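Data first, discussion second: the structure below is written as C-alpha cells.
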Amino acid sequence: MDEKYNVHKNVTVLEKAISKLYTQKYKHLDLKATVIDLNCHNYQYHLKMFDVVLMSFIVAYLLLIVFATVYDVTALRKTNKCITSFSLYHNLTELKRKYQQTDFHKLKCIQGIRFYTTVLIIFCHTFCSFSGGFVANTKYFEEIPQNSLRHGLRNLFVFLVQTFFLISAWLLSYHTFHIFEHAERMHFLKYVWLTFGNRYLRIIPPVLLMVSLGSSIWIYGSFHGPVKDIYSDKEYQRCQENWWIIFLFLNNHYQQHDMCYFTTWYLSADTQLYALSIIILIIIFKLKYSNILLLAICVTIGITIPSMVSYLYNLDFIYRITPENSKNNMFRSFEFNATYTSTYSNMATYTLGLLFGYIYYRLENKPFFTNKLHIILWWTTSLGLPLTVIIISSYEYGQVTRAVLAGTLKPMYALGIGMAIFGMSHRTGGIIKVLCEWKPALFLGNITYSTYVVHFGIVFCRTALTMEPLQVSDSVLLFSFIQDALLSFICGFVMHLLLEMPMSQLQSIFVPKFRADVLKFDNDKRIK
C-alpha cells in the first residue's frame, strides 16, 4: 500500500513540475499548461496459450505450403487436389492464366475499378493515419477547406466504399436473375443457404488471420512508444473482448464503438445487405411483378431511412474527416455509425446495384450506345454525378437539406459509377475503359480483397509507432501513400497466394454450390 502511495505521489510531483515547465515556456503567449495524464509504464509481455497455438499453427501451415509445392513440382501424377491447392507453383500458374486471359467477360472493367478504388481507399487511410495522430504542423489540416483540391479529395474519401457496395450487389443480382429466369425448378431455401454459405466461407480466411494476429501478443508486443496505450493497446483489448462479433458480421451495429480490426465494418454491412438482397430477389421472383418497379421501391426505402435518421438526430449528411473527429473518438462515434458504417446508410447504393444488375442482365447482348447523344449522356452521368456529389458535399446546409442529402448523395455517386460500368460493358468509355481494362489493373484487381483486409494494420502502424509529433505536407502524404500502397499490395498478394486461393480451392472441392435445373436454348433446340 505504501509503495502504491509513493508511486502516485511521485507521479503527481512530476506532473506539477512538467506543467510548471511548459507554463514558463509559453508565458509570452499568456498560456498555462496542465499535465492531466502522465504515462510512465514498463510494459511486460506474457505469452498465453492462444499465442503459442497460433504461432504453431502458422508454422505448420507454412510447412504444408512447402510440402505441397514440392509435391506439385516433383510428383509425376498429381492425384491429390487438396494438396496441390496449397502449392505455390499451382497457384502462381493459376494467377498467370488469369493474367493472360484478355477477354474473359464483358464486365472485366469491374476488376480494374476495384483496383483503383482500393488504391484510393489506402490513400484515404493514409490521410486518416495523420489526421488521427499527433501532428506537429496542425496548420496543414486547418487550411484544407481553403484549398479546393485537398477539400474535394477529402470529401471523395467518404464515398469511395460505395463502389464496392454497388459492384457486390450488381454481380449478385446478375447471377441470381440468370438462375431465376432459366430455372425449371427453384429450391429457394437451398439457394439461400448455399449462396450465402459459400460467400461466408470465401471471405472468412483472411479476416480470421488478421483478427487472430490482432488478438495475439505477436503483434501487440511489437509496438513501443509514448502513444501505444492510446492506439495499439486499445486495439489489442478490443480484439481480446470482441473478436467473436466479427465472425457473426454484426460489429457495425453491435459493440460498434469497441470494434476489433476497424475496417471489417464494411464486411459486416456488405454481408447483411447481401443476405437481405437474396431475400428481396426471391420475393421479386415469387411475385412475378415489375422487377424494376419493386427494385426502385427498395432504392427509395434505402434513401428514406438515412434521411429520417439524419433529420431526427440533426446529423451532418456525411462524416467529415477532420482532426477533431479523427482524434477525439477514433471514428467510433454515433454520428460515424449513423452516417457511414451502418447497414441502413448504405442500403440505397446496394439496392441500386441490384437494379443495375437486373438492367444489365436484360440488355447484356443488345446494342445500347448507338449514337453520339447516348455517348454524351454517358460521359455526363459517369463523370458529372460523382463530381457533383463532391462539390455539393463541400458546403454546409440547413437541417432539412442535410437530411435530404444524407439519403441521396451516396446513391447519386453510385449511379455515376454504375453508368460508367454499364457503358464500358457496352464498348464505350474511351480512355477510361482502356485504364479500367489495363491488364496489370485486372491482375491486381484479383487480390484487392486480401489487400483491403491487410492494409489497415499496415497503414495505422505509423500512428501507433510514432515517437514524436508527425510532420505532414502534400509531399509527405504522397510519399507515405505510395509506401503504404506498395506494402499493402505486396502483403495482399502474399495473403491471396498463400491463404485466399488455397481456401477457395478447398471450398470448391468440399462445399457444394447451388445447381438449378437450368434450361438452355441453342438454335431453338431445348437442351436440358
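Between region 458-497 and region 62-88, what is the separation of their alpha carbon centroids in Å?
A separation of 34 Å, based on Cα centres.
Would any residue of region 367-391 have its amide N under 16 Å from a label point 7 Å out along Cα→Cβ of E181? List them or say none.
367-368
Which whole-percent values make up P(r) of the chain when all C-alpha to C-alpha distances are grouped in 10 Å steps starting at zero?
3, 15, 26, 26, 17, 8, 4, 1, 0, 0
How much of L415 can a 1.4 Å solvent probe reach, expressed as accessible area in Å² and rounded to 10?
Spelled out: L415, probe radius 1.4 Å, area about 60 Å².
Given R₀ = 30 Å, what would the calculated FRET efficiency be for T370 paired with L287, taking r from the Cβ atoms and rounding to 0.05? Don't jump to the answer; show the numbers that get you there.
On the way: r = 33 Å, r/R0 = 1.10.
E(calc), rounded to 0.05, equals 0.35.
Can you pull the semi-axes for region 179-265, root of five times each eigenvalue of the Cα gyration tensor, sorted largest first, whole Å?
Values: eigenvalues 285, 31, 15 Å².
Semi-axes, largest first: 38, 12, 9 Å.
Mind computing the radius of gyration and Dmax over the alpha-carbon atoms of region 82-158? Å is fine for both.
According to the Cα coordinates of region 82-158, Rg and Dmax are 20.2, 58 Å.
Taking θ as phi - 60°, what are the ³J(HN,Hα) couplings along region 457-469 by the Karplus curve (6.51, -1.76, 1.60), each to the nearest whole Hz, with x for Gly and Pro?
Values per residue, Gly and Pro as x: x, 6, 5, 7, 4, 4, 5, 7, 9, 5, 9, 7, x Hz.
Quick one: accessible area per residue over region 193-295, 1.4 Å probe, rounded to a whole number of Å²?
In whole numbers, region 193-295 has 43 Å² accessible per residue.
Given points 7 Å out from each Cα along the Cα-Cβ axis, report the F57 to L478 separation in nanometres with one decimal.
Simple spin-label model gives 4.4 nm for this pair.
What's the extension gain from V511 to V35 if we count 0.36 nm per residue and subtract their Cα-Cα distance? It would help to have the intermediate numbers written out before the result.
On the way: separation 476, 0.36 × 476 = 171.36 nm, distance 5.88 nm.
Working it through step by step, the gained length comes to 165.5 nm.
How high is the FRET efficiency between V494 and K81 when r is their beta carbon distance and R₀ equals 35 Å, given to the nearest 0.05?
Efficiency, rounded to the nearest 0.05: 0.95.
Roll a 1.4 angstrom probe over the protein heavy atoms and tell me the percent of accessible area of the chain that is carbon or sulfur.
Values: 18110 of 27700 Å².
Looking at the chain in its full context, I get 65 percent from C and S.
When you count, for each residue, the other Cβ atoms within 10 Å and take the mean per peptide, how do 18-24, 312-318 rank with the highest first?
Top of the packing list down: 312-318, 18-24.
Excluding ligands, DNA and RNA, what is the solvent-accessible area per residue of region 357-469 at a probe of 1.4 Å, expressed in Å²?
That works out to 47 Å² for each residue.
Contour minus end-to-end for R332 and L21, with contour as 0.36 nm per residue of separation and end-to-end as the Cα-Cα distance?
Working: separation 311, 0.36 × 311 = 111.96 nm, distance 3.45 nm.
Going from the current span to full extension adds 108.5 nm.
Quick one: check the C-alpha center-to-center distance for region 270-296 versus region 372-432, whole angstrom.
Taking the Cα centre of region 372-432 as reference, the centre of region 270-296 is 24 Å away.
Hey, what's the Cα Rg ratio for region 372-528 versus the globular rule of thumb, 2.2 N^0.38 Å?
1.49
Over the alpha-carbon set of region 247-361, work out the extent along each principal axis and list the three values in angstrom, largest first.
Ordered largest first, region 247-361 gives principal extents of 50, 32, 23 Å.
Suppose all protein chains stay in the model; what accessible area per residue would a 1.4 Å probe give for region 82-168, in Å²?
Result: 41 Å² per residue.
Using all alpha carbons of region 286-335, what is the percent of pairwise distances in each 5 Å bin, ordered from the shortest bin to the longest?
Once binned at 5 Å, the Cα pair distances of region 286-335 give 5, 16, 17, 13, 14, 10, 8, 8, 4, 3, 0.
Could the peptides 284-290, 345-351 be put in order, highest first, of the mean number of other beta-carbon atoms found within 10 Å of their residues?
Highest to lowest by the protection proxy: 345-351, 284-290.
Using the crude model of +1 on Lys and Arg Cβ and -1 on Asp and Glu Cβ, and no other charge, please compute the dipole size for the chain relative to its Cα centre, in debye to 20.
Roughly 1480 debye, rounded to the nearest 20.
Please work out how much length the chain gains when fully extended from F50 to F67, using 0.36 nm per residue of separation minus the C-alpha to C-alpha distance, in nm with one decimal.
3.6 nm
Counting only residues 5 or more places away or on other chains, whose amide H sits under 5 Å from the amide H of L470 once H atoms are built in the peptide plane?
Long-range HN contacts for L470: F134, V135, A136.
The values are calculated or read from the model by the stated rules, or taken from the named source; none is laboratory data. These numbers were taken from a predicted model, which means no experiment stands behind them. Cβ sites come from the backbone with ideal geometry, for glycine too, and all protein chains shown count toward neighbours. To get the accessible areas, we keep the full protein, side chains included, count just its heavy atoms, and leave off ligands, DNA and RNA. Shrake-Rupley method; radii C 1.70, N 1.55, O 1.52, S 1.80 Å.
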